[in-house]
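The values are calculated or read from the model by the stated rules, or taken from the named source; none is laboratory data. Just so it is clear, the model here is predicted, and its values are computed rather than measured. In this analysis, Cβ positions are derived from the backbone assuming ideal geometry, glycine residues included, and neighbour counts consider all displayed protein chains. Note: accessible area is taken over every heavy atom of the protein model, side chains too, but ligands, DNA and RNA are not part of it. Shrake-Rupley method; radii C 1.70, N 1.55, O 1.52, S 1.80 Å.
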Amino acid sequence: MDKEGECIKKPDGVNDENPGSTLDDMELEKGYFRLNNHSIDVRACPDSGYGNTSGCVGGRAANPCAPGLVGIYCRECDRTDGRLVYYK
């Protein structure tokens, strides 16, 4: 477990040009995902190898998913009727 104020290595998938200084403001590259802004566990999305079509848009937002997508790796469509369908 990381201690408060402890330095950690920047994980793969974090923007090198604007990495942020804390976990909360760490900026992800497109094609990468983390569960929340307190997690150091950054992973490549399964669709990250498909060029610019990844549902994982990265950035600093609490939701690293493209508009209309939710869930782990941004793999579900967010429907207003409450029904979730999978994004392909």
Between Lys9 and Tyr50, how high is the FRET efficiency from 1/(1 + (r/R0)^6) when r is the Cβ-Cβ distance and R₀ = 30 Å? Nearest 0.05. 0.60
Which order do the peptides 60-73, 23-36 take when ranked by the mean count of other beta-carbon atoms within 10 Å per residue, highest first? 23-36, 60-73
Quick query: amide H of Cys45 versus all other amide H atoms, modeled in the peptide plane; which residues come in under 5 Å with a sequence gap of 5 or more or a different chain? Tyr32, Phe33
Give, in nm to one decimal, the length gained when the segment between Asp25 and Arg79 is fully stretched (0.36 nm per residue of separation minus the Cα-Cα distance). 16.6 nm
Could you tell me the convex hull volume per residue, in Å³, taken over the Cα atoms of the stretch 16-67? 75
Report the gain in length on full extension from Glu17 to Val70: 0.36 nm times residue separation, minus Cα-Cα distance, nm rounded to one decimal. 16.5 nm
Within the accessible area of the stretch 1-72 (1.4 Å probe), percent carbon and sulfur: 52
